[in-house]
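The values are calculated or read from the model by the stated rules, or taken from the named source; none is laboratory data. Just so we're clear, the structure is a prediction, and the values are computed from it rather than from any experiment. Cβ atoms come from the backbone with ideal geometry, glycine included; neighbour counts cover every protein chain shown. The area values use the complete protein model at the heavy-atom level, side chains included, leaving out ligands, DNA and RNA. Shrake-Rupley method; radii C 1.70, N 1.55, O 1.52, S 1.80 Å.
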Amino acid sequence: METIAQHQEQLNYAEVYISDMLELKNIFLQVQNISRVNQDFGVPFLLAKKKDEVVSLASLVLNENGGIYFKIYNKKELTEREKWNFALHAERYFKANNTPNFRDPEQLKNSISSLVSWLDF
């Protein structure tokens, strides 16, 4: 019996830098099927790449009760396993980080507003 090896590209995770914002904005707009960034964009903190292409991002957002959580936006070509692995990695990162955007809802709210205004300029 012949075995067929399937090669899957490894996802690489990285913190988000300002230089990533345009690409992350475009992913968000495509996934949400909208033309302008809004508060749901949040503050991206982690991304996943296949080769040199960003395929997923995790972003800090506020829920309706003012609590901090994160949302993930994935491009469609990711497998369910890749999505799950990235979500797990983002959750660990989220829990381990104690900077103000991760723990202070008022700080995050201000950061989101500033970022959305800046990206919408």
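Assorted remarks:
- Check on residue 13, of a type in the set (Ser, Thr, Tyr) and more than 19 Å from residue 118 (Cβ to Cβ): yes
- Of residues in segment 1-12 being open to solvent by 80 Å² or more (accessible area, probe 1.4 Å) and modelled with pLDDT of 65 or more, the one nearest to residue 72 (Cα to Cα): 12
- Flag not set for residue 106, criterion: at pLDDT below 95 and over 13 Å from residue 13 (Cβ atoms).
- Here residue 39 fulfils each of the conditions (1) polar (S, T, N, Q); (2) in contact (Cβ under 8 Å) with a residue 24 or more places away in the chain; (3) over 21 Å from residue 102 (Cβ atoms) apart from (3).
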